[in-house]
Every structure is written in structure tokens, then in C-alpha cells.
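Undergrad: Please find one structure pasted underneath; my questions will follow.
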Amino acid sequence: MEPNWNQNGTEMDPQVRLGKDRLSKSKDNLNTTTSTTLNSYYKKLVSPKSKIEFKTFVNELGRDVVAFAIDSMSDSADRPSFAYLRKILNRYKKQGLDSLSAVQHDDDVYHGKSVVITGDKPKIPIYQLGE
């Protein structure tokens with residue numbers, strides 16, 4: 001492989017890589033964002049019954065899933081409310097969506113960002129040599 005020519009002659013351009021310490025920092029940032037979202041929403045809840053129900057959702061579905069639902073609701077609802085959030089989270093439970101990736105895919109499908117293929121897969125003809 002020939003190096004790219006640059007001002008320094010034949011030295012290759014430096015490659016920027018994401019190190020392990022950088023990856024852990026970004027993961028920590030995600031956890032901090034999730035905690036902030038959950039805590040701020042919990043503080044907005046007024047009734048003790050809804051606070052208990054909110055904690056139950058977090059325990060059953062996970063912190064990331066509930067935080068994603070809150071963000072999704074805030075982005076798409078005209079009047080975000082706990083009743084609206086409850087509908088979203090109950091739908092997740094009913095469909096068995098308990099991971100962040102599954103919930104994100106479901107959200108993409110719901111908003112038309114992803115296509116769901118149903119039915120039989122297309123058949124690919126197999127040809128023999130000489131046909």
C-alpha cells in the first residue's frame with residue numbers, strides 16, 4: 001500500500017481512533033443523560049400513585065427504555081402527560097419490548113423511518129452451470 005503524499009513527503013496521514021477511555025466517557029454521558037431525564041420527570045409527577053407506577057415501569061422495562069419513551073413523547077406529543085407516557089410504556093410491555101434497541105426500532109417503524117417486511121421472503125432462482 002502506498003502512503004498518501006502530503007506536505008511531509010511520504011508519511012501517511014494520522015488516523016484518529018476512539019480509545020477505550022473515550023468510549024467509557026461517552027457511555028457514562030449516556031447514563032448521566034438517562035438519570036437526568038428520569039429524575040426530572042419523576043419530580044414533575046404530582047400524585048404518589050403515579051410516582052409508584054413510574055418506578056414500576058423503570059424496574060420492569062429498564063431505565064434506558066423509560067428515558068427513551070419520555071424523550072420520544074416530548075418530541076411528538078402536543079401535550080405530554082403521564083397518561084400518554086403510560087400508554088407508550090404499556091404498549092412496550094404488551095409487545096415485549098424491553099431493550100433500548102427494540103424500542104428504538106419500534107419508534108422508527110411507528111414514525112415511518114424504517115420499513116417492516118412481512119410475508120414470504122423473495123425467492124432467488126438458483127441456476128446450474130450452463131443454464
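Undergrad: Under a point spin-label approximation (7 Å from Cα along Cα-to-Cβ), what is the S40-D78 distance to one decimal in nm?
TA: According to this spin-label approximation, the distance is 2.4 nm.
Undergrad: Please compute, for the alpha-carbon atoms of region 34-77, the extent along each of the three principal axes and give them in descending order in Å.
TA: On the principal axes, region 34-77 reaches 26, 20, 17 Å in Cα extent.
Undergrad: Using a cut-off of 12 Å between beta-carbons, work out the net charge of the residues near L100 (Lys and Arg +1, Asp and Glu -1, L100 not included).
TA: Details: positive: R63; negative: D64, D71, D98, D106, D107.
The answer is -4.
Only the coordinates and a few stated rules stand behind these numbers; no lab work does. It should be emphasised that the depicted structure is a prediction, and the values quoted were computed from it without experimental measurement. Neighbour counts are summed over all protein chains in view; Cβ atoms, including those assigned to glycine, are modelled from backbone coordinates with ideal geometry.
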